[in-house]
Amino acid sequence: MIRIRVLKVLLLLFIVFVFVPFPSQAKDFPKFLFEKALQESNDGDFIQAEKDWSLYLNNNPNDAAALSNRGNIRLALGDPQGAIKDQTMAIKISPEDLDPYLNRGIAEEALQLWEDASQDYQYVLEKNPKDVSALYNLGNVMGSLDNWSEAKKFFSQAASSNNAIAMSRSSEALAIYQLGDLELAENKIRILIGKYPLFADARAALSALLWRKGFSGEAESNWAAAAGLDIRYRDKDWLLNIRRWPPIPTNDLIAFLALEDR
């Protein structure tokens, strides 16, 4: 089964691609070419992988696994329309497999097709209510629609899963922060930092929250850790549109940094 799991959001910054064949089809693959494209995909050699998936599909046009894998590659190469086309074909061929729905939702998010992405994630959740990627991605869609109560609900469900990723817990805390419960948000962020002390997202979030509460000194120490781990947190556009933080934490962090830079 093909697995794409989103660590945040959208595009390559928070997406982990893991390409594997559908078990039911594995015995039929021309192994030399399929495995070559698979290895190139996992190695990040996306241009060559796209060529080899396409070559493979010339002779195996109804292979749903290869179509979905090529769709992942096309998204990685900045072609969300091509990705959607491949994932849709994979779904038509193998409608019982859920990963192409997830993959198509990610591509739809790249085009800001929020309703389409939401429908794909909801479909996955109808079949598997505990799918962490669908829960997390749907939370991102709700946030993009400025519905932070719904976003928090889905982030919380993703964060409570046995397979929860750190980013889902950070996004849950940020949604709580956006909704005004600073004490609960701070508690969740501190727990997350205790478990993952080198997690830049949580460090940056705590910097913003502490600055809002008036604890500038501790905010600065947490920011020093965050900045050393990932300098992108200085970029408001990146925060809002790639990492997709809520607006209140984003504005707080940018205001804190503006004072720090004086």
Charge-dipole axis of segment 165-262 as Lys and Arg at +1 and Asp and Glu at -1 on Cβ define it, positive-most pick from Tyr196, Ala219, Ala175: Tyr196
Rounded to the nearest 500 deg cm²/dmol, what is the calculated helix-only ellipticity per residue at 222 nm for the chain, with -39500 (n - 2.57) per DSSP H run of length n ≥ 4? -21000 deg cm²/dmol
Sort out for me the Cα centre separation of segment 57-84 from segment 132-154, rounded to whole Å. 26
In nanometres, the difference between 0.36 nm per residue of separation and the alpha-carbon distance of Asn62 and Asp45 is 3.7 nm
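Each reported figure results from applying straightforward, stated rules to the coordinates on display, with no laboratory input. As the structure is a computational prediction, the values presented were derived from the model and not from experiment. Cβ coordinates were reconstructed from backbone atoms using ideal geometry, including for glycine residues, and neighbour counts include every protein chain displayed.
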